[in-house]
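The values are calculated or read from the model by the stated rules, or taken from the named source; none is laboratory data. Source: prediction; values computed, not measured. Areas reflect the complete protein model, heavy atoms only, side chains present, ligands, DNA and RNA absent. Shrake-Rupley method; radii C 1.70, N 1.55, O 1.52, S 1.80 Å.
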Amino acid sequence: MKLRLSMRVNGNAVELEIEPHRTLLEVLRNDLGLAGVREGCSTGDCGACTVLVNGKPLVSCLMLAPDAEGASIVTIEGLAKDGKLDPMQEAFVAKGAIQCGFCTPGMILAAKTEDIPEGNLCRCTGYTKIQEAIREERRTTRPQA
Amino acid sequence: MRAFAYEEPRTLAEAGALMARPGRNQLLAGGTDLLVRLKRREWTVDTVINLKRIAGLRGVEARGDHVFVGPLTTLDELAASELVAKRWPILVETVHEMGSPQVRAMSTAGGNLCNASPAADLAPPLLCLDATMKVWGLRGERHVPLREFFLGPGKTALEPGEILTEIRIPPALAKGCFIKFCTRRAMDLAFVSVACAAVGKDVRLALGAVAPTPIRVLPSVEEAMKRCAPIDDVRASAEYRREMVRVLVRRALARVAS
Ligand SMILES: Cc1cc2nc3c(=O)[nH]c(=O)nc-3n(C[C@H](O)[C@H](O)[C@H](O)COP(=O)(O)OP(=O)(O)OC[C@H]3O[C@@H](n4cnc5c(N)ncnc54)[C@H](O)[C@@H]3O)c2cc1C
Ligand code: FES
Ligand code: FES
């Protein structure tokens, strides 16, 4: 039986009908077309599917979609404001912290709250540049910290 | 995952009634164990019953002379609790050894214990702290010491239809350490874990991943060696695990004594 699901996604109210056994990852990616939500391992290990749920980075592959009822979700597509990239996105581009780009959305969203994302894997193993980009963003946007 | 029905009870009584219906059902807390098992098809389920909308099952509070941890408290909430950090830094240390920040923000304390993995990381420190589990069922409530809660891999003292509703920890401060031995630094299950805590002069020791359940043992290397019964698997051989028990228990006892 289908359920009604209402949530906010990247600032917009969204209402849809879903089957309860689907994950938040599947709904964001397949029903809402947010392809920045990546499916890597699908078992919580790689962090590629990281999205912000009520401000916290979570792995969307292990969250049941109906469990997101009433939540506010931010995906990588929701970070840019008025056509301008988020400073963390800018830093990743500037520092060349993106190789194939598969891990990048999850990495950037996890970096919003963590110094160095511990739960995100990069198959291209570009960890040094990723760390540099995150440090650079911290340095420029939070110089006092 | 295969299709299943989904329920969101608002009260324990509603949850109990749902669990009493025929068919296979599973409770959902953080879902980090449940979803992985459903995806791997290790479990099949007709109905998933989400506990998150039941009030009063989440958070850490002091009442009377005990501290109560709601089973739905997430691991990061547990580690961020001042009550916990002040009395039992060992729990904070343990949580930081678990999963990733994303997983810690989803996983619950109750889920970790009810899943009853021999390697569940919260079990050894909570065994040292003499935690008691409060269990609710349609026939009433009861208390089960954590030492009697684990019956085997994936098996607990919970009867069908019962829900863990509170983890009670006696208030005494403890000085302790948790040593988790695994191949990688992050996101790995222990192949041996050791918790050691001194409550006043009383030294307590518990082991994870080296027996069918996490176990509390008398605080000496000899006792730990006698009680552990590790297995061979892809992560380590039984022989190696035994040696690591010897080394890590000696290390943990020394650390707590210093
Ligand atoms: C990537 C990854 C890394 C991990 N790393 C670690 C680690 O380092 N250490 C570790 O110990 N574990 C680890 N785990 C396992 C898991 O995250 C933990 O065991 C977690 O605490 C489970 O909690 P949960 O709320 O997600 O459980 P759920 O999956 O929601 O539930 C687990 C089981 O317990 C039952 N249950 C839950 N709550 C109750 C309740 N109140 N009453 C009765 N039954 C209940 C459910 O029915 C289910 O059978 C990891 C998991 C993943 C995916
Ligand atoms: S796809 Fe979710 S953590 Fe890997
Ligand atoms: S850039 Fe390729 S996986 Fe990280």
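Heavy atoms only, probe 1.4 angstrom, no DNA, RNA or ligands counted: give me B:183, A:75, A:43 ranked by accessible area, highest first.
Greatest to least solvent exposure: B:183, A:43, A:75.
Give me, ordered by chain and number, the residues 5 or more places off residue A:9 or on other chains with an amide H under 5 Å from its own placed amide H.
A:14, A:73
Can you list the residues, at least 5 places off or on another chain, whose amide H is less than 5 Å from the amide H of residue A:3, using H built in the peptide plane?
The list, which skips near neighbours in sequence, is A:18, A:19.
With θ set to phi - 60° and the Karplus curve 6.51 cos²θ - 1.76 cosθ + 1.60, what are the ³J(HN,Hα) couplings of the range B:89-101 in order, to the nearest whole Hz, using x for Gly and Pro?
So the Karplus estimates, Gly and Pro as x, are x, 4, 6, 5, 4, 5, 4, 5, 8, 9, x, 10, x Hz.
Can you quote the Å³ per residue value for the convex hull of the Cα atoms in the range B:175-257, rounded to an integer?
87
In this model, which of B:155/B:201; B:52/B:180; A:129/B:39; A:56/B:155; A:56/B:86; A:95/B:180 are farther than 27 Å apart at the alpha-carbon?
Too far apart for the 27 Å limit: B:155/B:201; B:52/B:180; A:129/B:39; A:56/B:155; A:95/B:180.
Please state the relative contact order of the range B:5-50 as a whole percent: Cα pairs under 8 Å, 6+ residues apart?
58
Would you tell me the accessible area of residue B:226, worked out with a 1.4 angstrom probe on the heavy atoms of the protein chains, in Å² to the nearest 10?
Accessible surface of residue B:226 is approximately 150 Å².
Counting each pair of different Cα atoms once, what's the Kirkwood radius of chain B in Å, rounded to one decimal?
18.7
Mind checking Rg over Rh on chain A, alpha carbons, Kirkwood formula for Rh?
Across chain A, the Cα-based Rg/Rh ratio is 0.99.
Show the residues, 5+ positions off or on another chain, whose built amide H is closer than 5 Å to the amide H of residue B:6.
Long-range HN contacts for residue B:6: B:48.
Considering the range B:5-50, what Rg and Dmax in Å follow from its alpha-carbon atoms?
10.7, 31
Rounded to whole Å, give me the distance from the Cα center of the range B:179-258 to that of the range A:53-93.
Each part's Cα centre sits 39 Å from the other's.
For the protein assembly as shown, take the convex hull of the Cα atoms, compute a quarter of its surface area, and give me that in nm², please.
Over all viewing directions, the protein assembly as shown projects a mean Cα-hull area of 21.2 nm².
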